[in-house]
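The values are calculated or read from the model by the stated rules, or taken from the named source; none is laboratory data. The model shown is predicted, which means the values in this text are computed figures rather than measured ones. So basically every Cβ, Gly included, is an ideal-geometry build from the backbone, and we count neighbours across all protein chains shown.
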């Protein structure tokens, strides 16, 4: 597995927030402290895709998987926003 230096990760985190990156692909609407939108990973008709900026994670309530950090798994956005 490739190693990304910590200073590079901090640079990426400072350059773009998770809501900015996800917001380029999903229309997000703020509800309380989280943002909600239509999940881009499956056919969806209601907002089930949650972005939690303070935790640096996204999650679709229709998935049968745990919440994912932006750097984990094949369905991720490939942007790490939290150490």
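Remarks
- Qualifying residue in the range 73-83 (condition: in contact with a helix residue (DSSP H, G or I) (Cβ under 9 Å, 6 or more places away or on another chain), at pLDDT 55 or above and either within 18 Å of residue 23 (Cβ to Cβ) or surrounded by fewer than 12 Cβ atoms within 10 Å (Cβ to Cβ) (or both)): no
- If the condition is being at pLDDT 85 or above and either in a strand (DSSP E or B) or under 12 Å from the mean Cα position of the chain (by Cα) (or both), then the range 7-22 contributes 17, 18, 19, 20, 21, 22.
- For the range 28-38, a residue qualifies if it is assigned to a loop (DSSP other than H, G, I, E, B) and either under 11 Å from the mean Cα position of the chain (by Cα) or over 19 Å from residue 63 (Cβ atoms) (or both), and the qualifying residues are 32, 33.
- Residue check for residue 4: assigned to a loop (DSSP other than H, G, I, E, B) and in contact (Cβ under 8 Å) with a residue 40 or more places away in the chain: yes
- Test for residue 50: is it part of a loop (DSSP other than H, G, I, E, B) and at pLDDT 85 or above: no
- Filter pass, residue 25 being modelled with pLDDT of 85 or more and surrounded by fewer than 17 Cβ atoms within 10 Å (Cβ to Cβ): yes
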